[in-house]
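Notes follow the structure.
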Amino acid sequence: MKNYLLEIGTEELPPKAVDTAIRFFEENIYKIFNDFFEYDTPENIEIFGTPRRIGFLLKNLKEKQPDSEKLLIGPPAKVGIDNEGKYTKAALSFASKNNIPVEELQIIENEKGRYIGAKILIEGRKLSQHIKEEIPEIIQKIPFPKTMRWNSTGFRFSRPIRWIVSLLDEEVIPFEIAGVKAGRYTHLHRFMTSPVGRGEKKEIQKATDYKEITKMGFVLSVYEEREKSIRTQIEGFGRVLEADPVIDEELLREVTNLTEFPVGILGDFSPEYLVLPKEVIITVCKVHQRYFNFEKNGELIPKFLAFSNTSVPDKNVIKNGYEKVLKARLEDALFFYEEDLKHNLEDFYPKLAGIQFHQKLGSMLEKVERNGEIAFLLAEELGIDKKKEIERANKLSKCDLLTEMVKEFDELQGIMGMHYALKQGEKEEIAKAIYEHYLPRSSDDELPETETGTILSLSDKIDTVISFFSIGEKPKPAADPFGLRRNAIGIVRLLVEKEIDIDLLDLLHEISERAKISKILKFAQLNKEWKVVFDEKIIPEVIEFIKGRFVAYLKDKGFDTDIINAVLSTEDNNLYRLYLKVKSIQKLKENPEFEDVMIVFKRVGKIIPEGFEEQFSENELIEKEEKELYQKFKEVQELFEKDIKQKEYYKALEELLRLKPFIDRFFDNVMVMVEDQKLRKNRLSLMKIINKMFLKIADFTKITTA
């Protein structure tokens, strides 16, 4: 078995470029070399990625692809064979063109008819040839966010390529990229080996020696090993300090991709800066310096942990440098904080008119006013009596955008508003709502805790989605510049996880009605004419878009696709109730009789002709089985409707299960599609009214059964 090593040595790559290359290799390398692996195991592929090198090691490779057989189809048999049974010119031409001996021609029959054809043996490609042809293509296809040219070849890459290692066991597989020829020489750590700045040039005799050689040269080439080293050091310093490390996973990934040999250096900052909200200190450390913090009992301590890419004899020199830079940053932050506290948040409210939300959607002030109107409507619909809190929190929600701190650190929007509001004596719920109205910011972010924050968060996201859809700014498959998918998943999570029992379609129609009469729900005074912010025509599109995010959300939760489709095929637009229905059917699937039950339920739905309008009469029931089914239906319906009203969907499903034996006997003993049109229509109508009850939970015809 063979092993192949590829290493692309570069100038320092940005962290995101390292991530991109690693993900690209993870998603594509197995597919490209699939035919060559001796056996299928995750250990077959090891991927490398550091600021100075990306690549992979492939293990357990065969020397050539397996041979394969290919069926070639030629002319139709009636064209390829004459009346005497001999091959015609058309058949002989087909054989000659494909280098097929005439005696190997045969009649091939398929769904289209009889053809002249032949089975030919395709010899598997040699591994060395596959590497020589495929690897340059792989390198060119890495989808870096940004690329550059650096020499006359015109080749584009994230950063200049300085060396390439391409080894099949001990043999160099040659190719050339951007004027650099592949060989067997790597470069070790830039600053911890000689010559400093370039790093020791080291020969690799055998592909499997790579990891050991680079590790001896102070390079941890595997991402997971560096991350583990960094995490272990952070946790170790935490134990020494008897404090809890604040580990930001995004920062951890960035630091991992900025180092080849991470060395933790513990530093101090003056306790006087602890007067700043801890989020400010953490943000300064993360965004500007890439430092980690520590806390005790939820409060920061004046320590930080930085990571150097070099181990030096006197760490104090580096430590002092880190502390000096951080002090300057914290001094700036303290100045911004003190300046901001000289103003009341409310003072900034009128100035929101000077911040453009979007050129076609007016100012941030108009955005806030729209949010407030939608929030009042939501509170009214949900019976939440907090109009004063909602009004106040909404008014202050975007004011911190004009503070010096948020201008410098936009990551702190909402957070600073909360802290400044608390400092200025606002109620805790109002202050928290200023922060919470941005939540959730992602699919796994925290949700608002307060009712006021929940209402404002939902109104802000709904306004954002419907506003941009109204002006035709919709997400594209590869681009979502206004974060509409993020806002839609936020709407989904709020409705479902906060158990908000509201019909989304009804809500959008109500907003649309209010938009027609309220100037606040309009935007952008263009040519002295107000344009309505919410065009009613886009309601179906908005519903479909949000439901698309809802489907993705349900799949992430592990629900089966057929159950999701069955539930969402109904006319219900209450996402919370839809979620409960999916959950209930998924639970019912654990019942050993589930398959049999679904087959019966599906039979009811499938027998009804499309567009059929029922005209049911109990008096026209003749057979014993149809009468019994109808009586059982009426008995079940009453309890079923009660369960539906109380959102007890699993109990409602259990009620439906009681119909199964009666439906079975009906189909076994009663002919539905009889010649008597009146009788046929009545029996179909019975099926229709039963299926209407089913559809209050799901369209069971869409559930897959064995």
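Suppose every K and R has +1 on its Cβ and every D and E has -1 on its Cβ; what is the size of the dipole of segment 584-702 about the Cα centre, in Debye to the nearest 20?
320 debye
Taking the Cα centre of the chain as origin and charging only Cβ (+1 Lys, Arg; -1 Asp, Glu), how large is the dipole, in debye to the nearest 20?
1980 debye
Spelling out what I want: for every residue of segment 534-547, take phi, set θ = phi - 60°, compute 6.51 cos²θ - 1.76 cosθ + 1.60 (Karplus), and round to whole Hz; glycine and proline get x.
10, 7, 4, 5, 8, 4, x, 5, 5, 4, 4, 5, 5, 5
Order of 42-50, 483-491 by packing, highest average Cβ count within 10 Å first?
My ranking of the peptides, most packed first, is 483-491, 42-50.
What span do the alpha-carbon atoms of segment 223-338 cover on each of the three principal axes, reported in whole Å from largest to smallest?
42, 29, 24
Which one of Pro477, Val165, Phe666 is farthest out on the positive end of the charge dipole of the chain, using unit charges on Cβ (Lys, Arg +1; Asp, Glu -1) and the Cα centre as origin?
Val165
Quick check: pseudo-label points 7 Å beyond the Cα along Cα→Cβ at Lys587 and Glu235, how many nm apart are they?
Roughly 3.7 nm, to one decimal.
Within 10 Å, count the other beta carbons around each residue, average over each peptide in 459-470, 384-395, 96-107, 353-364, and list them highest first.
So the order, starting with the most tightly packed, is 459-470, 384-395, 353-364, 96-107.
Which of the lysines could a cross-linker bridge to Lys516, judged by Cα under 21 Å and excluding same-chain residues fewer than eight apart?
Output for Lys516: Lys360, Lys367, Lys461, Lys528, Lys531, Lys537.
Is it possible to state the helix-based mean residue ellipticity at 222 nm for the chain, with each DSSP H run of 4+ residues giving -39500 (n - 2.57), the sum divided by total residues, to the nearest 500 deg cm²/dmol? What is it?
Numbers: 25 runs with 325 residues, N = 706.
Result for the chain: -14500 deg cm²/dmol, rounded to the nearest 500.
Taking θ as phi - 60°, what are the ³J(HN,Hα) couplings along segment 481-489 by the Karplus curve (6.51, -1.76, 1.60), each to the nearest whole Hz, with x for Gly and Pro?
Here the 3J(HN,Hα) series is x, 9, x, 6, 5, 4, 5, 5, 5 Hz.
Quick one: putting +1 on the C-beta of Lys and Arg, -1 on the C-beta of Asp and Glu, what dipole do you get for segment 176-268 around its Cα centre, in Debye to the nearest 20?
Using only the charged Cβ atoms, the result is roughly 740 debye.
Which of the listed residues, Pro350, Cys399, Asn28, is farthest toward the dipole's positive end in the chain, when Lys, Arg count +1 and Asp, Glu count -1 at the beta-carbon?
Asn28
List the residues whose amide H sits under 5 Å from the amide H of Asp699, counting only those 5 or more places along or on another chain, with H placed 1.01 Å from N in the peptide plane.
Those qualifying (amide H under 5 Å, at least 5 residues apart or on another chain) are Val567, Ser569, Thr570.
Run the reach check for Lys688 against aspartates and glutamates, Cα to Cα strictly under 14 Å, same-chain hits fewer than 8 apart removed. What comes back?
Result set, ordered by chain and number: Glu610, Glu613, Glu614, Glu618, Glu626, Asp699.
Do me a favour and compute the ellipsoid semi-axes for segment 574-691 from its Cα gyration tensor, root of five times each eigenvalue, largest one first, whole Å.
Values: eigenvalues 145, 45, 38 Å².
Sorted largest first and rounded, they come to 27, 15, 14 Å.
With θ taken as phi - 60° and the coefficients 6.51, -1.76 and 1.60, list the Karplus ³J(HN,Hα) couplings across segment 350-364 in order, rounded to whole Hz; mark glycine and proline as x.
With the stated coefficients, segment 350-364 comes to x, 6, 4, 5, x, 9, 7, 6, 6, 4, 9, 10, x, 8, 5 Hz.
Arg198's amide H: which non-local residues (gap 5+, or another chain) put their own amide H closer than 5 Å, with H modeled 1.01 Å from N in plane and none for Pro or chain starts?
Close amide H contacts, sequence-distant or interchain: none at all.
State which entries of Lys62/Lys215; Lys624/Lys678; Lys278/Lys324 exceed 25 angstrom in Cα-Cα distance in the structure shown.
Flagged as over cut-off: Lys62/Lys215.
Which values, in whole Å and largest first, are the semi-axes of the equivalent ellipsoid of the chain obtained as the square root of 5 times each eigenvalue of the Cα gyration tensor?
53, 49, 24
Which order do peptides 223-231, 254-262 fall in by mean Cβ count within 10 Å, highest first?
Answer by packing, highest mean first, reads 254-262, 223-231.
Once amide H atoms are built 1.01 Å from N in the peptide plane, which residues 5 or more positions from Lys64, or in another chain, come under 5 Å H to H?
Answer set, sorted by chain and number: Leu127.
Once you list every other residue whose beta carbon is under 15 Å from the beta carbon of Gly9, what net charge do they have if Lys and Arg are +1 and Asp and Glu are -1?
After counting each charged neighbour, the total is +3.
For the chain, with the dipole built from +1 on Lys and Arg beta-carbon atoms and -1 on Asp and Glu ones, taken about the Cα centre, which of Phe336, Gly113, Ile466 lies farthest toward the positive end?
In the chain, that residue is Gly113.
May I ask you to list the lysines whose Cα is less than 18 Å away from that of Lys112, ignoring any residue fewer than eight positions away on the same chain?
Lys78
Using only the Cα atoms of segment 68-122, build the gyration tensor, take square roots of its eigenvalues as a ≥ b ≥ c, and label the shape rounded, prolate or oblate: rounded if a/c is under 1.5, else prolate if a/b is larger than b/c, else oblate.
It is oblate, given that a/c is not under 1.5 and a/b is not larger than b/c.
From zero up to wherever the largest Cα-Cα distance of segment 367-512 sits, split into 10 Å bins and tell me the percent of pairs in each.
12, 42, 36, 10, 0
Bear in mind these aren't lab numbers, they're just calculated from the coordinates by the rules spelled out. Source: prediction; values computed, not measured. All Cβ positions, even for glycine, are placed from backbone atoms using ideal geometry, and neighbour counts span all protein chains on display.
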